[in-house]
Every structure is written in structure tokens, then in C-alpha cells.
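For reference, the structure discussed in these notes is given below.
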Amino acid sequence: MLDQLAHDASDVPRSRALCRAALRALDMDIHSEGWAWAMFSQNGAPIFLIGAPENGAASSAPLHFVLAAPDRAAADAFHVAPPAASGRDSGAHCRRARFHSNDDAAFVIDPDGHNIEAACHAPGAAKDQT
């Protein structure tokens, strides 16, 4: 059972702003925070942590996190938030039928290169990946 996800952030305020903008679409917001970290929660349960690495340098290998989107509208909102908050998208929001017919995903890249994905598995119309 997953308790929470965590990753290093070289610039915590910048990463906090990006996560706050994108994760609101998934009904997540800051649960608690300090100058060098921020914990995001969903329904009051802490689930996603960003923080300054103890050695002062963020890990060099980008990570890929997948968070659940309750519906396609939330995945859409997640996908459009990052450019205004120091992030960038990672390609078109689309259905990835190679996994299953209802796998709809939106991807954003945080300031340290980590790929944060919002995935929706509910039936519905989505543009196929090309």
C-alpha cells in the first residue's frame, strides 16, 4: 500500500508553486510546509512531498509520478496549470490505448525535470495518442 510519494526539489518555492497550481485540479493542496519542503494532501491525507535534498543537490535522475485524476476534466485542468507556474507540459493530454481503452493521461514536467502525471481510467471521450 502506498503511503506517499516524495522527491527532491532544487528550488522548493518554485516547485511548490508548480505543484500547488497543477495539483489543485486533483483536489490536492498543501497540508503542511516549511521553508525547505511542502506536503500535499488529498482528502486530508498527506500523499505527495517535495523537499530540498539533505546534501543540497537535487537527484540527477528525473522521476515519474502518477497521481489519480477523478475525471477527464480534472486531468485537463492539471495539464494546463504548469506553464503559468514555472513548469511545462510533456506532450498532449491524450488517451493511451496501448495500455487500455480508458487510460487517459496528462503529463507535466516540474522545474527539476520530474514527470508528474495525472491519470484517469474512467470511460469517456479522449483524443487518441498519435
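The values are calculated or read from the model by the stated rules, or taken from the named source; none is laboratory data. Because the structure is a prediction, the values reported are computed rather than measured.
Tabulated results
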{"read-out": "Options ALA58, ALA9; residue that is modelled with pLDDT under 85 and of a type in the set (Gly, Ala, Ser)", "value": "ALA58"}
{"read-out": "Qualifying residue in segment 68-82 (condition: among the hydrophobic types (A, V, I, L, M, F, W, C), modelled with pLDDT of 85 or more and within 18 Å of LEU5 (Cα to Cα))", "value": "yes"}
